[in-house]
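The values are calculated or read from the model by the stated rules, or taken from the named source; none is laboratory data. All values reported here derive from a predicted model rather than from experimental measurement. Reconstructed Cβ throughout: ideal geometry from the backbone, glycine too, with neighbour counts over all protein chains shown.
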Amino acid sequence: MTGRHEMFDGTKAVTVDVPLSGGENVMVPVVRAVVVSQAHPDSIILQRRDDASESVIGQLEIPGGRWRSGESPVDAISREVAEETGLHVIRVDGVSIDCLDDRRSVASIRPLVVVAGIGGAFPAAHMVLVVEAVGTLRSAPGESADVRWWHLDEIRTAMGQNRDDFIPSTYAALDAYLDWLGSTVS
C-alpha cells in the first residue's frame, strides 16, 4: 500500500506515492557513501546525477540509493557504490552484524550522519557511511555522470561558492563530514 505526500520537484509542488506502515506515510531508507581511498588521500568521490526525469539532474551528489529490504548495511552500500562508480567497497566504517539465532540477525550502524530528506522526489532518511573502495572509476549512464575524486579543498571551495550545485542531502552530508574531519567550508 502507498500513501500520498506533497513534495517540491524543483519547479512546482507535486503529489507522490510513498510507502505506508500502520496507515502512516514513512520515509524511504537510503544509504549514501563518503568514499575514501588510500590511492587518493584527502579526496572523496562526487558525481553528478544523470537521470533526466529528476529535478536534481546535473547536481553533485555522493554515491548511494534506496536501501532494499533484507540487505545488510554493508550489502546495500557496496551495491550502490558498485552500481554508480564501478568501485569495490573493501571497508565500511561503523557497522556490526549480530546473529541472534538461525532465523534472526540484526545489523547496527554508526553512520557519520543521518540526513532527513524532507523535500525532494520522496521523503528519505539518508544513512551516510564512510567507506573505503578500490578499482577503476566509471559513470553509470542514467544514474551517475562525471564520477571523479574531488580533493577536500576543492569540495570546500565548491560548497562555499554555490550551494545549489549540490543535491541538498549531499550538501548536508559533506558539511557533516568536513565538520567530523575538523575542517569547515571556505
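Residue-wise test of (1) polar (S, T, N, Q); (2) under 28 Å from Leu178 (Cα atoms); (3) modelled with pLDDT under 90.
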site: Met7; (1), (2), (3): no, no, yes
site: Ser21; (1), (2), (3): yes, no, yes
site: Ala33; (1), (2), (3): no, yes, no
site: Asp42; (1), (2), (3): no, yes, no
site: Leu46; (1), (2), (3): no, yes, no
site: Asp50; (1), (2), (3): no, yes, yes
site: Glu54; (1), (2), (3): no, yes, yes
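For the range 55-84, a residue qualifies if it is farther than 17 Å from Ser139 by Cα and in contact (Cβ under 8 Å) with a residue 60 or more places away in the chain, and the qualifying residues are Ser55, Trp67. If you go through the range 112-167 and keep only what is of a type in the set (D, E, K, R), in contact with a Lys or Arg (Cβ under 9 Å, 6 or more places away or on another chain) and modelled with pLDDT of 90 or more, you end up with Glu132, Asp146. Reported count of residues in the range 127-180, each being within 15 Å of Asp50 (Cβ to Cβ) and of a type in the set (A, V, I, L, M), is 5.
Only a single item in (1) modelled with pLDDT of 95 or more; (2) surrounded by 15 or more Cβ atoms within 10 Å (Cβ to Cβ); (3) part of a strand (DSSP E or B) is not met by Ile90, and it is number (2). Of the residues making up the range 26-63, those that are more than 21 Å from Arg156 (Cα to Cα) and not in a loop (DSSP other than H, G, I, E, B) are Val28, Pro29, Val30, Val31.
Only one of the listed residues (Gly23, Gly70, Gly64) is within 13 Å of the chain's Cα centre (by Cα), on the phi > 0 side of the Ramachandran plot and of a type outside the set (Phe, Trp, Tyr). That residue is Gly64. With respect to (1) under 17 Å from the mean Cα position of the chain (by Cα); (2) touching a residue at least 60 places away in the same chain (Cβ under 8 Å); (3) not in a loop (DSSP other than H, G, I, E, B), the lone exception for Ala158 is condition (1). When you check Ala107 against the structure, is it within 13 Å of the chain's Cα centre (by Cα), at negative phi and either outside any loop (DSSP other than H, G, I, E, B) or at pLDDT 90 or above (or both), yes or no? No. For the range 127-134, the count of residues that are crowded, with 18+ Cβ neighbours inside 10 Å and small (Gly, Ala, Ser) is nonzero. Take the conditions crowded, with 16+ Cβ neighbours inside 10 Å and within 25 Å of Ala125 (Cβ to Cβ) and apply them to Ala158. Does it pass? No; evaluated as a whole, the condition is false for this residue.
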